Structures are given as C-alpha cells and as structure tokens.
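Taking it in order: structure first as structure tokens, then the write-up.
Just so you know, all these numbers are worked out from the coordinates, no wet-lab data involved. All values reported here derive from a predicted model rather than from experimental measurement. With ideal geometry, Cβ positions are generated from the backbone for all residues, glycine too; neighbour counts draw on all protein chains shown.
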Amino acid sequence: MKMTVVKASGGTGEIEVADATFGVPFKEHLVHQIVVAYQAGGRSGTRGQKNRAAVSGSTRKPWAQKGGGRARAGNIRSPIWRGGGKTFPATTQDFSQKVNKKMRRVALRSILSELVRQDRIIAVDEMQAASKTKELLARLAAFGITGRSPDVLIVAEEAFEGLALAARNLYRVAVRSSDRIDPVSLIAHEKVLMTVGALKKLEEMLA
C-alpha cells in the first residue's frame, strides 16, 4: 500500500509500505490485552504494611489473664492496640503480566493499521532535532499540526535528545524512537507524526 509523505520543504510525496504491517484487521481483544498488560507493568507495587509479627514491641503479656477486670490481652503488638500490627497488611506485589513477543508484534501491527485507516498517522520525510519549544511548534505547524498544545506522538528512527527537550514543555506532545514504541502511546494521542525512517524500521521490527 502507499502512504502520503509530507515534506519539510513543502509539498507531498508517496512511499510504499508493507500491507502486513499497516494493512491488517483490527484485533480489539488482543489490543486490549496488550494495553492492560503494559499498564499493569508500570505499577510499582511497592506498598507495604506490618503485621503483628513485624511490629517492634514486647511479647510479654501486659497483665494477667483473669482477675483484673480488664479484657484479655496477649501482647501490645495486637492489631486492636494503638501501634500494633495490621490485621490484613498490604504487601509488596508484582502486577506484571506475561506477554509473548508474537502477541506484542501482532497488537502493534493491528494498532498501526487502525491508525492508518483513521488517517491519524502523518508520514514526514524528516524530523530533525529542535532546540526550542517554539521551533518545534513551528515545525509541527509546517506538517499541518497546529494549536498552542497539539496532541501528537512524534516517532523518529533514532532518539534525539534536543527533540525530547523541546517537547518536554508541551503537555500533549511525546517523543519516541522507533525501537521504543509502545501500544499505550500510539493509542493515547490524536495524531502520530512518523518519519520515513521510523516507518521502515517498524516494518523490519514487526515483520
């Protein structure tokens, strides 16, 4: 299939892309599974509380079992005492889910194909590193993406530090290299600005 390429110098052209990467049916159930797994992997799960065994304090019985007129008490680390342990404490948990490489590749191909069908991918011939946010906004406007806070994901064939710094002050603009692309970023943005080099790299990675 052919895609329109917007040139930085002005005008448009065409590029041939693989149907196996940008022209496959949308598999909603698989995309949902991959997105959920990706988001779950971002959870730290480092919360933690102490039970009565982990709380510091004496294990001595505070008073006699009977004869004092008070309720029975085993030790001061009991959950019903102030400063005692939790009854059902939260523990460190791993939320990551196993995702096969083949599943991830199929899901990414499905997402990219759907973005093409929805006309949300803008292919450009080049995207050089920008040193300032104002300069980046001007370049985006040249590619038809306007507004004070554009909603766009920029995918380049390699990581440009200057480009990432220029986009850092823009709330809805993100920068990824083609080998660091993820399903959540592709779905979250209204437009995906992708260089020709990134398109070719994605074809090789997802083949």
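Numerical summary
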{"item": "Dipole of region 133-207, positive end: most advanced residue of Ala138, Ala159, Ser178 [Cβ charges, Cα centre]", "result": "Ala138"}
{"item": "Of (i) 18.9; (ii) 11.6; (iii) 17.5, the label for mean projected area of the Cα convex hull in nm² derived from the coordinates", "result": "(iii)"}
{"item": "Most to least packed among 36-49, 107-120 [average Cβ atoms within 10 Å]", "result": "107-120, 36-49"}
{"item": "Centre separation in Å (Cα based) which lies between region 28-105 and region 128-184", "result": "41 Å"}
{"item": "Over the chain, relative contact order from alpha-carbon pairs under 8 Å, at least 6 apart, %", "result": "24 percent"}
{"item": "Partner lysines for Lys102 [C-alpha distance under 24 Å; skip if fewer than 8 residues away on the same chain]", "result": "Lys27, Lys200, Lys201"}
